[in-house]
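Asker: Quick one: the structure is below, and I'll ask about it shortly.
The values are calculated or read from the model by the stated rules, or taken from the named source; none is laboratory data. These numbers were taken from a predicted model, which means no experiment stands behind them. Using ideal geometry, Cβ is built from the backbone for each residue, glycine included, and neighbour counts are taken over all protein chains shown.
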Amino acid sequence: MRTPPPSESLLSFNLSAASLVDEVLRLPSASAAVRAVELLYGRDVAIPASLLDQVGTGVRLPLASVLQSPAPLATLVAGRLRPSPAWQEPAHALKGARALARERYRELQAALVGSSVRSAPEPFASLVRYTYGIDDRRWLWADVAKRLLDAVVILNRGALGLLAAIARGDLALDVGVPTAGPRWTYDMPMSVLDVLAEVLPPAAVPDFGAFVRILQQSQATVERDEATVRYRSLFAEMLGLATQVEAIA
């Protein structure tokens, strides 16, 4: 008997978890990956050493394996999902969102102070300076942070969509989080779910162990031969010729 495909909400959730893991893999070093996950989830969440070994190597998660997963590839963090009856009213959603955003900022400030006490930053460790990513690409730390946090928002949205589908009865899945109560439900207006995804702290932790297994099942690598390098160089040159650049006096 053929196994039915995963539901749309589960597919979206798993793809968003894979997107965040891919951004972690794009970081320039294992230490940067450890620090990023610590800031997002705290010290209780650790990345397996076998996944850290892949950070900065250019490896990408095979999309087919992610799509075929019948189980969630991330775990919801119940303590960060605090539904309120007020969220059912779009008029009150923005006020609650601002309060959540301020709380999240204060928590990050506390983490910054704590890290400064543990060890003094190096002279060139600054948000305005750059780091080297894979393929010798120069990335600003601000760009790195944006990519990571954008992926967090996408994962939050996937988590909220999953909870909404369970609350509606579209999906029978136990994720360890109540999806409805006497006066509230995660089956909220789309606009409210979008706002919540932006302001909530990371509400789901990728199953890093599962992603290690997915990578191990797909060991295919793309050899960067001379023809590929020359093609990329020519493509970049053509883009440069098509771009209007103003001379600076």
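Asker: Tell me the residue from 164, 159 that is of a type in the set (Gly, Ala, Ser), at pLDDT 80 or above and closer than 29 Å to residue 26 by Cβ, please. If you could, list the steps in order and put the result at the bottom.
Answerer: Details: 164 fails: closer than 29 Å to residue 26 by Cβ.
Testing whether each residue is of a type in the set (Gly, Ala, Ser), at pLDDT 80 or above and closer than 29 Å to residue 26 by Cβ leaves just 159.
Asker: Could you list, in sequence order, all residues of the stretch 24-49 that are closer than 19 Å to residue 80 by Cβ, among the charged types (D, E, K, R) and part of a helix (DSSP H, G or I)?
Answerer: 38, the sole residue that qualifies.
Asker: In the set 64, 18, which member is free of Cβ contacts under 8 Å to residues at least 24 places away in the same chain, hydrophobic (A, V, I, L, M, F, W, C) and assigned to a helix (DSSP H, G or I)?
Answerer: On the way: 18 fails: free of Cβ contacts under 8 Å to residues at least 24 places away in the same chain.
So the residue among 64, 18 that is free of Cβ contacts under 8 Å to residues at least 24 places away in the same chain, hydrophobic (A, V, I, L, M, F, W, C) and assigned to a helix (DSSP H, G or I) is 64.
Asker: Only residues that are more than 16 Å from residue 151 (Cβ to Cβ) and of a type in the set (Ser, Thr, Tyr): list them for the stretch 32-83, please.
Answerer: Once the filter is applied, which keeps residues that are more than 16 Å from residue 151 (Cβ to Cβ) and of a type in the set (Ser, Thr, Tyr), the stretch 32-83 yields 50, 57, 65, 69, 75.
Asker: Take residue 16 and tell me if it is polar (S, T, N, Q), closer than 26 Å to residue 165 by Cα, modelled with pLDDT under 90 and in contact with a helix residue (DSSP H, G or I) (Cβ under 9 Å, 6 or more places away or on another chain).
Answerer: Here the answer is no, as residue 16 does not meet what is asked.
Asker: Let me spell it out: the conditions are (1) touching a Lys or Arg at 6+ places or on another chain (Cβ under 7 Å); (2) surrounded by 13 or more Cβ atoms within 10 Å (Cβ to Cβ), and residue 55 meets all of them except one. Which number is the exception?
Answerer: (1)
Asker: Follow-up question, since we're still on this one. Checking the condition farther than 24 Å from residue 205 by Cβ and modelled with pLDDT of 85 or more, which residue from 169, 176 passes?
Answerer: Values: 176 fails: farther than 24 Å from residue 205 by Cβ.
That would be 169, the only listed residue that is farther than 24 Å from residue 205 by Cβ and modelled with pLDDT of 85 or more.
Asker: Specify the residue that is modelled with the highest pLDDT; the eligible residues are those in the stretch 110-149 that are among the polar types (S, T, N, Q) and surrounded by 10 or more Cβ atoms within 10 Å (Cβ to Cβ). Write out each step before concluding.
Answerer: Step one: filter the stretch 110-149 for residues among the polar types (S, T, N, Q), giving 115-116, 119, 126, 131.
From the residues that got through so far, the ones that are surrounded by 10 or more Cβ atoms within 10 Å (Cβ to Cβ) too are 115-116, 126, 131.
Values: 115: 63, 116: 58, 126: 45, 131: 54.
Going through the qualifying residues, I end up with 115.
Asker: Another question, then. In the stretch 58-74, which residue that is surrounded by 17 or more Cβ atoms within 10 Å (Cβ to Cβ) and within 17 Å of the chain's Cα centre (by Cα) is farthest from residue 172 (Cα to Cα)?
Answerer: In this case the residue turns out to be 59.
Asker: Checking residue 47 against (1) modelled with pLDDT of 80 or more; (2) under 30 Å from residue 167 (Cβ atoms); (3) surrounded by 13 or more Cβ atoms within 10 Å (Cβ to Cβ), which single condition isn't satisfied?
Answerer: Residue 47 satisfies all of (1) modelled with pLDDT of 80 or more; (2) under 30 Å from residue 167 (Cβ atoms); (3) surrounded by 13 or more Cβ atoms within 10 Å (Cβ to Cβ) except (2).
Asker: Being assigned to a loop (DSSP other than H, G, I, E, B) and in contact (Cβ under 8 Å) with a residue 60 or more places away in the chain is the filter here, so list the residues in the stretch 72-101 that pass it.
Answerer: 72, 73, 77, 81, 83, 84 - these are the residues of the stretch 72-101 that are assigned to a loop (DSSP other than H, G, I, E, B) and in contact (Cβ under 8 Å) with a residue 60 or more places away in the chain.
Asker: Out of the residues in the stretch 182-204 that are hydrophobic (A, V, I, L, M, F, W, C) and outside any helix (DSSP H, G or I), state the one that is nearest to residue 74 (Cα to Cα). Working first, answer last.
Answerer: Quick first cut of the stretch 182-204, residues hydrophobic (A, V, I, L, M, F, W, C) only: 184, 188, 190, 192-193, 195-197, 199-200, 203-204.
Narrowing the set further to residues that are outside any helix (DSSP H, G or I) leaves 184, 188, 200, 203-204.
Details: 184: 24, 188: 22, 200: 16, 203: 10, 204: 6 Å.
Checked the stretch 182-204; the qualifying residue nearest to residue 74 (Cα to Cα) is 204.
Asker: Could you identify the single residue in 210, 165 that is over 20 Å from residue 85 (Cβ atoms) and surrounded by 22 or more Cβ atoms within 10 Å (Cβ to Cβ)?
Answerer: Details: 210 fails: surrounded by 22 or more Cβ atoms within 10 Å (Cβ to Cβ).
Result: 165 is the single residue among 210, 165 that is over 20 Å from residue 85 (Cβ atoms) and surrounded by 22 or more Cβ atoms within 10 Å (Cβ to Cβ).
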